[in-house]
Ligand SMILES: Nc1nc2c(ncn2[C@@H]2O[C@H](COP(=O)(O)OP(=O)(O)O)[C@@H](O)[C@H]2O)c(=O)[nH]1
């Protein structure tokens with residue numbers, strides 16, 4: 001007798017819940033990184049389930065680039081308040097104002113600057129574990145990262161010195177000043193996240209669904225027209241029906257033309273699409289093949 | 001939720017056997033390659049460089065070999081696959097071990113031209129060792145041997161012979177060409193003589209749900225949820241074996257308490273609730289993560305395990321295990337590490353190193369001096385506290401552990417339990433160790449020193465006044481010309497017992513050690529003055545027996561102060577912290593104290609001052625002479 005079967009999503013959820021509980025039990029001050037995007041929404045749900053009916057035993061941290069979609073910020077505040085979690089916002093603008101980082105030019109992508117803000121926030125609050133929603137299927141450097149990824153006192157990742165992680169026995173031992181990044185959704189694919197959102201009936205920010213928006217076509221991507229993204233020579237502002245596949249710094253996150261107004265329709269479109277999430281919508285990764293690996297070494301998400 | 005299932009795969013092969021090409025082929029032919037990923041590896045004139053698709057970090061791109069485990073994902077309408085792509089070379093055995101540790105199925109690649117080579121044997125052996133029940137051997141590059149059936153059959157016969165030796169139940173051997181896609185996703189026309197399924201079909205149809213053990217419950221407790229309202233506590237963990245539903249009887253280990261499950265949350269909101277409403281009673285099965293409530297208010301913490309009655313694993317203090325050594329610095333017998341097993345971490349000493357398996361020849365080497373990086377060997381470990389383990393062959397979760405170096409916090413070994421034994425260090429009859437009587441007779445030694453040894457054992461609640469009496473007693477004895485030495489429980493924890501915590505097992509072990517030290521001091525002619533809570537009568541009794549057997553005086557002094565008074569004094573603020581939940585298992589708050597029934601001296605501190613108590617002890621010691 002082989003007994004009741006466990007579906008893919010339930011297996012992935014069980015594995016993620018296990019990782020969240022291990023870290024909460026073994027590390028002193030965890031925090032959950034929440035961007036308001038679908039991955040962190042799925043992650044937050046997993047974390048809530050891990051401890052229910054008790055409240056989440058750690059706060060939620062958002063690194064605000066200052067270039068966020070207003071719809072996402074609105075969603076973030078509402079979602080976190082409804083659940084009664086403690087929200088900490090670390091602002092890249094504050095890091096710039098304090099001279100911790102330098103902005104190359106106003107309106108340039110702040111993706112890389114986020115790293116400093118994140119590390120400063122971890123240090124300020126003495127967090128020793130940060131949960132993130134990153135997945136191994138996102139790109140090649142991530143494919144080798146551990147679920148519990150050790151960071152030295154400078155927040156850096158050393159891909160050649162990763163701790164072995166056999167089975168799901170996580171080693172969360174660190175020295176003062178060091179921390180771990182924890183990726184409970186490591187083994188989820190983009191479609192798994194969408195299907196989980198659907199199965200759990202999770203609410204998403206409205207920009208994930210088809211809406212009319214003024215966009216500018218640049219390097220084959222549709223960027224939202226905003227105070228930071230203005231048409232340059234020859235570019236036109238188009239009025240298009242679009243949705244987003246990821247949410248990030250709006251100066252580098254591309255929209256896709258879409259008719260999908262609900263989650264089921266979004267999933268069908270993605271199943272039919274043949275371009276990866278990052279390839280389609282993240283300008284920052286396209287610059288160099290090893291772009292992500294470099295940023296991760298520095299301490300990026 | 002959708003009924004698509006998950007299958008975990010691991011691949012291994014020597015460099016250039018075509019592992020990366022096979023992976024690229026699976027991704028390409030299941031249409032999972034997205035156009036931008038394909039573009040990144042496309043080359044002019046030729047087809048895509050399939051191998052480059054699955055090759056990750058920059059250092060590896062430079063060297064052209066896969067070093068670390070990389071995880072790949074692909075799916076068909078029936079199944080989703082997580083594939084751990086592991087390096088094949090023996091220099092990276094630890095990575096293969098890691099990648100294959102969770103796999104349901106292993107794919108081993110063989111080059112048709114070379115047949116079964118050492119690496120093939122190694123990979124197959126490691127797969128078998130890691131408890132992977134389904135091993136598929138792909139004889140690759142069949143195009144380079146002209147799709148000759150005889151060549152394939154010869155290789156397949158070697159593979160089957162190997163599988164049989166390693167007790168791999170149903171090995172599948174497939175002729176493929178990863179480069180051209182034959183028998184990978186679609187059946188090839190070039191091998192009409194092969195009547196088995198193509199690789200992907202086999203991966204889709206294999207029944208792995210049957211590999212789970214649904215009979216004997218194993219739920220290692222990860223976390224205790226304490227909801228703010230009056231609800232019961234929730235015990236959270238991931239099911240390692242067995243099933244669980246409301247009404248099931250369970251035993252909490254290591255305490256041995258029996259109780260009943262009153263509710264189960266499998267985290268699935270569509271599954272109805274535990275009371276049987278909705279879709280019927282919830283039955284949790286592995287590998288679900290659950291939260292359970294128990295009918296009785298029993299003491300359960302992280303590291304405990306819920307098991308079904310009658311299936312209890314031994315409360316082991318000794319593990320015989322196969323380990324894969326993963327650190328640069330070699331493993332040597334006698335070294336001590338932290339051992340993490342499910343949700344419990346203890347300390348473990350390498351008692352013996354029995355065997356090392358030569359990575360090249362696979363020949364066992366008896367009693368080696370050390371295990372080097374990537375070596376596999378067999379050891380005996382002695383643990384500081386109980387481990388509730390099953391043999392790995394019976395359970396891949398409760399039979400697995402890692403060793404951690406406590407100086408640099410690195411994970412240094414992955415271990416598989418062969419057997420777990422209940423060895424009580426105190427009782428163990430080791431025939432090769434007998435008490436070695438000193439050449440000087442005790443009476444002569446004591447006579448020459450003009451002193452007599454004995455042990456005064458002060459027991460009582462924390463803050464009951466033991467230390468005050470102990471300090472005064474030591475001074476009084478020394479002032480009167482008698483050698484005395486104060487053994488303070490905390491001081492001993494600082495050194496000799498620094499590997500012990502405050503779990504019941506660790507406390508018993510601590511008391512055992514202090515008891516032995518006291519006996520040695522007493523034997524030398526000094527009065528050992530011990531100040532130790534020592535809450536359990538059995539532990540104190542064992543120390544008394546130790547002294548009786550050695551013909552030494554042992555005075556048990558019960559410093560009797562009411563719990564309320566102790567808590568009122570609380571000089572170190574420990575009661576307050578225990579009440580706040582910061583200290584768990586604190587005697588007098590949430591751990592029991594067994595009052596001595598027939599102490600040699602009873603000191604009710606409410607009525608007796610320190611000085612007369614000390615005087616009375618000195619008197620008793622004198623009587624003993
Ligand atoms: N002719 C032929 N060549 C193959 C086949 N599979 C792989 N190769 C080639 O063998 C070489 C090594 O393959 P690769 O996948 O990098 O091997 P890995 O080291 O095991 O990952 C490459 O040049 C492949 O093109 C096959 O089925 N037939």
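The values are calculated or read from the model by the stated rules, or taken from the named source; none is laboratory data. Here the structure is a predicted model, which means the values were calculated and not measured. Methodologically, a virtual Cβ is constructed for each residue, glycine included, from the backbone with ideal geometry; neighbour enumeration extends over all protein chains shown.
Pick from the range B:175-189 the residues that are within 12 Å of the ligand (Cβ to nearest atom) and without any contact (Cβ under 8 Å) to a residue 60 or more places away in the chain: which of them is nearest to residue B:145 (Cα to Cα)? Spell out the reasoning first.
Narrowing the range B:175-189 to residues within 12 Å of the ligand (Cβ to nearest atom): B:175-184, B:188.
Those left that are additionally without any contact (Cβ under 8 Å) to a residue 60 or more places away in the chain: B:177, B:180, B:182-183, B:188.
On the way: B:177: 10, B:180: 14, B:182: 14, B:183: 15, B:188: 15 Å.
The residue in question is B:177.
Say we look at the range B:382-393 and pick out the residues that are under 23 Å from residue B:96 (Cβ atoms) and either in contact with a helix residue (DSSP H, G or I) (Cβ under 9 Å, 6 or more places away or on another chain) or modelled with pLDDT under 95 (or both); which of these is surrounded by the fewest Cβ atoms within 10 Å (Cβ to Cβ)?
First, pick out the residues of the range B:382-393 that are under 23 Å from residue B:96 (Cβ atoms): B:391-393.
Still in the running and either in contact with a helix residue (DSSP H, G or I) (Cβ under 9 Å, 6 or more places away or on another chain) or modelled with pLDDT under 95 (or both): B:392-393.
Details: B:392: 22, B:393: 13.
Result: B:393.
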Legend entry - Failed item in (1) touching a helix residue (DSSP H, G or I) at 6+ places or on another chain (Cβ under 8 Å); (2) modelled with pLDDT of 90 or more; (3) farther than 25 Å from residue B:500 by Cα, with residue B:526 passing the rest: (1)
Inset, instruction - Within the range A:143-195, track down each residue that is within 9 Å of chain B (Cβ to nearest Cβ), touching a residue at least 60 places away in the same chain (Cβ under 8 Å) and not in a loop (DSSP other than H, G, I, E, B). - result: A:159, A:191, A:192, A:195
Inset, instruction - Being away from the ligand (no atom under 16 Å from the Cβ) and closer than 24 Å to residue B:144 by Cβ is the filter; apply it to the range B:164-174 and report the residue that is modelled with the lowest pLDDT. - result: B:171
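Name the residue that is nearest to residue B:129 (Cα to Cα), counting only residues in the range B:12-28 that are within 14 Å of chain A (Cβ to nearest Cβ) and more than 7 Å from the ligand (Cβ to nearest atom). Break it down into steps so the answer makes sense when it comes.
Within the range B:12-28, the first condition is being within 14 Å of chain A (Cβ to nearest Cβ), and the residues that meet it are B:20, B:23-24, B:27-28.
Imposing the further condition that a residue be more than 7 Å from the ligand (Cβ to nearest atom) reduces the set to B:23-24, B:27-28.
On the way: B:23: 24, B:24: 28, B:27: 28, B:28: 32 Å.
Out of the qualifying residues, it is B:23.
State which residue is farthest from residue B:147 (Cα to Cα) when the search covers only the range B:89-105 and only residues that are away from chain A (no Cβ under 14 Å) and either assigned to a helix (DSSP H, G or I) or out of contact with any strand residue (DSSP E or B) (no Cβ under 6 Å at 6 or more places or on another chain) (or both).
Within the range B:89-105, the first condition is being away from chain A (no Cβ under 14 Å), and the residues that meet it are B:89-90, B:105.
Now restrict to residues that are either assigned to a helix (DSSP H, G or I) or out of contact with any strand residue (DSSP E or B) (no Cβ under 6 Å at 6 or more places or on another chain) (or both): B:89-90.
On the way: B:89: 27, B:90: 30 Å.
Only one residue tops the list, namely B:90.
Among the candidates B:542, B:537, B:580, which residue alone is over 16 Å from residue B:452 (Cβ atoms), modelled with pLDDT under 90 and buried (at least 16 other Cβ atoms within 10 Å of the Cβ)? Steps first, please.
Working: B:537 fails: buried (at least 16 other Cβ atoms within 10 Å of the Cβ); B:580 fails: buried (at least 16 other Cβ atoms within 10 Å of the Cβ).
That would be B:542, the only listed residue that is over 16 Å from residue B:452 (Cβ atoms), modelled with pLDDT under 90 and buried (at least 16 other Cβ atoms within 10 Å of the Cβ).
For residue B:373, state whether it is surrounded by 16 or more Cβ atoms within 10 Å (Cβ to Cβ), closer than 26 Å to residue A:168 by Cα and within 14 Å of chain A (Cβ to nearest Cβ). Before you say what the answer is, go through the steps one by one.
Numbers: surrounded by 16 or more Cβ atoms within 10 Å (Cβ to Cβ): yes; closer than 26 Å to residue A:168 by Cα: yes; within 14 Å of chain A (Cβ to nearest Cβ): yes.
In short, yes.
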Legend entry - Residues located in the range B:453-511, provided they are more than 24 Å from residue B:588 (Cβ to Cβ), in a loop (DSSP other than H, G, I, E, B) and over 25 Å from the mean Cα position of the chain (by Cα): B:453, B:480, B:481, B:482, B:483
Inset, instruction - Return only the number of the condition from (1) more than 15 Å from residue B:300 (Cα to Cα); (2) at pLDDT 90 or above; (3) facing chain A (nearest Cβ under 7 Å) that residue B:231 does not satisfy. - result: (2)
Legend entry - Selected residue (criterion: surrounded by the most Cβ atoms within 10 Å (Cβ to Cβ)) from residues of the range A:225-252 that are touching a helix residue (DSSP H, G or I) at 6+ places or on another chain (Cβ under 6 Å) and closer than 26 Å to residue A:104 by Cα: A:247
Legend entry - Filter result for the condition that a residue is over 21 Å from residue B:618 (Cβ atoms), more than 39 Å from the chain's Cα centre (by Cα) and free of Cβ contacts under 8 Å to residues at least 24 places away in the same chain, over B:564, B:545, B:541: B:564
Inset, instruction - For the range B:151-163, indicate whether the set of residues that are buried (at least 22 other Cβ atoms within 10 Å of the Cβ) and outside any helix (DSSP H, G or I) is non-empty. - result: no
Inset, instruction - Could you run through the range B:164-184 and say how many residues are crowded, with 20+ Cβ neighbours inside 10 Å and part of a helix (DSSP H, G or I)? - result: 0
Inset, instruction - May I ask you to say which residue of B:59, B:75 is at the interface with another protein chain (Cβ under 9 Å from one of its Cβ atoms), over 27 Å from the mean Cα position of the chain (by Cα), modelled with pLDDT of 75 or more and more than 22 Å from residue B:175 (Cα to Cα)? - result: B:75
Inset, instruction - Return a yes/no flag: does the range B:142-151 have any residue that is within 16 Å of the ligand (Cβ to nearest atom), farther than 20 Å from residue B:11 by Cβ and in contact with a helix residue (DSSP H, G or I) (Cβ under 6 Å, 6 or more places away or on another chain). - result: yes
Inset, instruction - Report yes if some residue within the range A:117-135 is within 9 Å of chain B (Cβ to nearest Cβ), surrounded by fewer than 22 Cβ atoms within 10 Å (Cβ to Cβ) and in contact with a helix residue (DSSP H, G or I) (Cβ under 7 Å, 6 or more places away or on another chain); otherwise report no. - result: no
Inset, instruction - Examine the range B:284-298 for a residue that is within 18 Å of the chain's Cα centre (by Cα), touching a residue at least 60 places away in the same chain (Cβ under 8 Å) and farther than 23 Å from residue B:101 by Cβ, and state whether such a residue exists. - result: no
Legend entry - When residues of the range B:195-228 are limited to those that are out of contact with any strand residue (DSSP E or B) (no Cβ under 9 Å at 6 or more places or on another chain) and assigned to a loop (DSSP other than H, G, I, E, B), the one modelled with the lowest pLDDT: B:228
Inset, instruction - Could you tell me which residue of the range B:106-134 is farthest from the ligand (Cβ to nearest atom), considering only residues that are closer than 23 Å to residue B:321 by Cα and in a strand (DSSP E or B)? - result: B:134
Inset, instruction - Quick one: residue B:612 ticks every box in (1) outside any loop (DSSP other than H, G, I, E, B); (2) without any contact (Cβ under 8 Å) to a residue 60 or more places away in the chain; (3) surrounded by 14 or more Cβ atoms within 10 Å (Cβ to Cβ) except a single one, so which number is it? - result: (3)
Legend entry - When residues of the range B:396-410 are limited to those that are touching a strand residue (DSSP E or B) at 6+ places or on another chain (Cβ under 8 Å) and at pLDDT below 95, the one farthest from residue B:212 (Cα to Cα): B:406
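Going by the conditions given, is residue B:192 more than 13 Å from the ligand (Cβ to nearest atom), without any contact (Cβ under 8 Å) to a residue 24 or more places away in the chain, part of a loop (DSSP other than H, G, I, E, B) and surrounded by fewer than 19 Cβ atoms within 10 Å (Cβ to Cβ)?
Details: more than 13 Å from the ligand (Cβ to nearest atom): yes; without any contact (Cβ under 8 Å) to a residue 24 or more places away in the chain: yes; part of a loop (DSSP other than H, G, I, E, B): yes; surrounded by fewer than 19 Cβ atoms within 10 Å (Cβ to Cβ): yes.
Yes: the conditions hold for residue B:192.
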Inset, instruction - Can you work out which of the residues in the range B:234-256 that are in a loop (DSSP other than H, G, I, E, B) and away from chain A (no Cβ under 11 Å) is surrounded by the most Cβ atoms within 10 Å (Cβ to Cβ)? - result: B:254
